[in-house]
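Trainee: This is the structure I have questions about; it appears just below.
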Amino acid sequence: MGLVLGAPVYFLTRASIGMSGAIFAILATPIIELTDEELTPEKARFKEIADRINSIAIQVNQTGNIYPEDMQEIKKGLAEIQSKLTEYQAKLERFAVTPQTFRAIIDKAHKDVKE
């Protein structure tokens, strides 16, 4: 299963290219497909981090002690995951078209056709 991304249209305005131009930009932009195979290395790394954090949690539950180096390892792993997720979010936001934006484009196109 892959993730399919569409056109980056957040920068389009009626003043710059017109509503029909914005619709054309959406329809004419190629689809980008991101497959599971491309995400496999990151998923494996996330699993390594999660497994290590889980092993630290088990150790803490068994001994009642948490060591500073374990806390540092947890913080480092979480920071690595957060950094990668922030990177993904930024990439996805470039392609974001909200349902409200799409609806407004379609409504304006219908209005233009009627006029």
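Trainee: State whether one or more residues within the range 46-67 are of a type in the set (Lys, Arg), open to solvent by 90 Å² or more (accessible area, probe 1.4 Å) and within 20 Å of ASP36 (Cα to Cα).
Mentor: yes
Trainee: Could you say whether any residue in the range 38-46 is in a helix (DSSP H, G or I) and touching a helix residue (DSSP H, G or I) at 6+ places or on another chain (Cβ under 7 Å)? Give the derivation first.
Mentor: The initial filter retains those residues of the range 38-46 that are in a helix (DSSP H, G or I), namely 38-46.
Now restrict to residues that are touching a helix residue (DSSP H, G or I) at 6+ places or on another chain (Cβ under 7 Å): 42, 46.
Yes, the range 38-46 has at least one match.
Trainee: Does SER83 satisfy being without any contact (Cβ under 8 Å) to a residue 12 or more places away in the chain, loosely packed, with under 11 Cβ neighbours inside 10 Å and of a type in the set (Gly, Ala, Ser)?
Mentor: Details: without any contact (Cβ under 8 Å) to a residue 12 or more places away in the chain: yes; loosely packed, with under 11 Cβ neighbours inside 10 Å: yes; of a type in the set (Gly, Ala, Ser): yes.
Criteria met by SER83.
Trainee: Check the range 5-18 and report whether any residue there is open to solvent by 90 Å² or more (accessible area, probe 1.4 Å) and modelled with pLDDT of 60 or more.
Mentor: Taking the range 5-18 as the starting set, the residues that turn out to be open to solvent by 90 Å² or more (accessible area, probe 1.4 Å) are 10-11, 14-15.
In the following step, the residues that additionally are modelled with pLDDT of 60 or more were identified as none.
Looking for residues that are open to solvent by 90 Å² or more (accessible area, probe 1.4 Å) and modelled with pLDDT of 60 or more, one finds none in the range 5-18, hence no.
The values are calculated or read from the model by the stated rules, or taken from the named source; none is laboratory data. Everything numeric here is computed off the predicted structure, so don't read it as measured data. With ideal geometry, Cβ positions are generated from the backbone for all residues, glycine too; neighbour counts draw on all protein chains shown. Ligands, DNA and RNA are excluded from the accessible area calculation, which covers all protein heavy atoms including side chains. Shrake-Rupley method; radii C 1.70, N 1.55, O 1.52, S 1.80 Å.
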